[in-house]
Amino acid sequence: MRDTIFELSRALRTKKISSVELCELYLKAIERENPKLNAYVHVFYDSARRDAERADRLIKEGKGGLLTGIPVAVKDNICTEGELTTCCSAILKGYKPPYSATVWERLRAQGAVMLGKTNMDEFAMGSSSESSVYGAPKNPIDATRVTGGSSGGSAAAVCARLAPYALGSDTGGSVRQPAAFCGTVGFKPTYGEVSRYGLIAYASSLDQIGPLTSSVKDAAAVFSAIRGKDERDMTSFDGEKERELDPDVKGLKIGIAEQFFEGLEGGVKACVESAAKRYESAGAELIKVSLPSLGYTLPVYYIIACAEASSNLGRYDGIRYGFRAENYSSVEDMIIKTRTLGFGKEVQRRIMLGTYVLSSGYFDAYYKKACALRERIKSEFSQIFQKCDVLLTPSSPITAFPAGLERLNPAEAYLADIYTVSANAAGLPAISVPCGSDGGLPVGLQIMGERFSDYKVLSAAYFAQVDGICPDYGVKGGVEL
Ligand code: GLN
C-alpha cells in the first residue's frame, strides 16, 4: 500500500486499518526519524489520538469522507486552537491561539488528524528554513542539503513519509520551492481560493495556503477540501466548480517563456526541457511566449513583501502575544527590547527594508514603483494566457543547496525565488511537480495558469505523474504500511 491519501482512505474504509492505528504508526515514525530530520517542531500526541478516535467513530457511523482519519502535518504559521503555533519565532514562544484557521476548521470538520506543526523559516521569510528558531530541518534525500523554504518542514515530512500530506503557505514560492527541493508535489492556488483567516500574516496581498503531497491527485483533493469563500477573509471567493482531473493533454497549449530559461544550466534545464518534450509527444502544443518583466519580479516582490511585513509584524509588541522582554524602564523600552530579542536577524532586516520603502521620501521611489510594475507583470501574464492554457517553467534555477546560510548573502539567497514570485505577484495558481534529478537531487517542474484555472493547472500536472515524468526518489524510513 502506498501512503497516498486515496490509498489510505480506501484502507480505512475497508477496515484494513483504523485511524487510531494509522495515527500510532505515524507518531512512532515521527519519534524515530524526527530527531534526525527536525521536520516537526511540535508533535501533538494527545490531540492527534483524540482526532483519530473521533475519525474512527465517523467512519463507523458511515459519515466519513476522503480525508476522514487521514493524518496531516500543519505549518507552524497556521493557527490551531489551543495548540502551539509559533511561526518558528522566539517572539511567539509558547503561543497557543484561541481560535483555528479556516483551513484547519475545514479539515477537522472532515475528520482529519493533525499530527503536529512543521518547521519553517521564521515568519515564513526565507528559502531554506534555516532561520527557524528551532534550527533547520534536513532534506531527507540528502541530509547535508537544505529542504528549501519556507515550508521546509512540511516538505521534509511528506518526503520522509512522516505525514501523508501537509499544509504550507506560499508568499513567494514557499510551498513550491521546498516541494521541488524535496521531490514532492506543492500547489499554490489562485490568490483568494483558500481563506487566509488564521494564517499568521507575512505579506497579505501575496500569502496563500497550499498543500504539499506525494501525488497530484492528493493535492487536488486537499485543495478541494480547504477552498472556497469564507466570511472572515474578504479576499476569499468560490472559484470554478470542482472538476475531476484529466491527464489528457492533447491540444493543450503550453507556453514556454524564454526568460525562464536564460542563464539556466545543466541538469535543471535538461529535466524541464525533456518534460516539455513528453508533453509535446502526448499531443500538447508548445508555444513560445515572453514575459519581458521577469527580471523585475524579484525586486517587486521583495519591496511589496517587506512593506506589508513591516506593517503586519507591528502587532508583536510584547503586550498581546507570546514573549515579553524583562528589565525594561518604560513601555517604549519594553517594546524595543521585546522586538530586538524576539525577532531573528532576517525578520528584522525585512521589517527595516519594509519601513524604509514605505517612509516618506522613498515611498514614490520604491513602493509606488513596485506596485506599478506589479500591474505590468499581471498584464504580461494576461497576454500570455490569451495564447496558451498553461505556462511551463522550472520551479527553481537550482537544486537543494548545501546547508549553512552564512555562505549566502541575502541578495544571493533571494535569487532562489526568481521563478516562483511572479505567480504570487499576479495571484496565479502554480504547482511544482518532480520531473527528474540533477546529481541525485530532485528537480521541480512548475506549471502556472490564469487566475481561477486551478483545476486546469492540476490536470496538466497530473499528466506528468500519469506519464511517469515524476520519479520516485526512493526515500527510506517513515511509515511502512
Ligand atoms: N523565499 C521567499 C521569501 O523569503 C518566499 C517566502 C514565502 O513564500 N513565504 O520571502
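Some points to look at:
- Only one residue of THR420, ALA403, PHE452 has its Cα farthest out toward the positive end of the dipole of the range 383-481, where Lys and Arg carry +1 and Asp and Glu -1 on Cβ, and that residue is PHE452.
- Which listed pairs, of LYS138/LYS368; LYS229/LYS345; LYS60/LYS217; LYS378/LYS456; LYS269/LYS456; LYS96/LYS456, have C-alpha distances above 31 Å, in listed order: LYS138/LYS368; LYS229/LYS345; LYS96/LYS456
- Percent of Cα pairs exceeding the 23 Å cut-off, where the set is the range 312-400: 55 percent
- Under-5 Å amide H pairs with TYR165, H placed in peptide plane, nonlocal only: ALA73
- Alpha-carbon spread of the range 46-162, three principal axes, descending order, Å: 46, 33, 21
- For the range 236-305, trypsin sites (Lys or Arg not before Pro) are listed when DSSP marks them as loop and at most 11 other Cβ atoms sit within 10 Å of their Cβ; the list is LYS241, LYS250.
- What the phi angles of the range 292-298 give under the Karplus curve with 6.51, -1.76 and 1.60, with θ = phi - 60°, is a coupling list of x, 8, 3, x, 8, 5, 5 Hz, glycine and proline written as x.
- Divide the volume of the convex hull around the Cα atoms of the chain by the residue count and you get 137 Å³ per residue.
- Convex hull per residue volume in Å³, alpha carbons only, for the range 5-66: 87 Å³
- Unpaired cysteine residues in the chain (no second Cys Cβ under 4.7 Å): CYS23, CYS79, CYS87, CYS88, CYS271, CYS306, CYS371, CYS388, CYS435, CYS470.
- Size of the range 207-297 as Cα extents on the principal axes (Å, biggest first): 45, 34, 24
- The distance from the alpha carbon centre of the range 258-333 to that of the range 350-400 is 9 Å, rounded to a whole number.
- The dipole here belongs to the chain: it is taken about the Cα centre, uses +1 on the Cβ of Lys and Arg and -1 on the Cβ of Asp and Glu, and is about 540 debye.
- Reduced Cα scattering model of the range 134-286, Debye log10 I(q)/I(0), q = 0.10, 0.16, 0.20 Å⁻¹: -0.43, -1.06, -1.32
- Whole-Å semi-axes of the range 123-200's equivalent ellipsoid (Cα gyration tensor): 20, 14, 11
Values quoted throughout were computed directly from the atomic coordinates according to the rules given, and no laboratory measurement underlies them. The structure presented is a predicted model; accordingly, all values stated were derived computationally and were not measured. Glycine also receives a Cβ, built like all others from the backbone with ideal geometry; neighbour counts cover every protein chain displayed.
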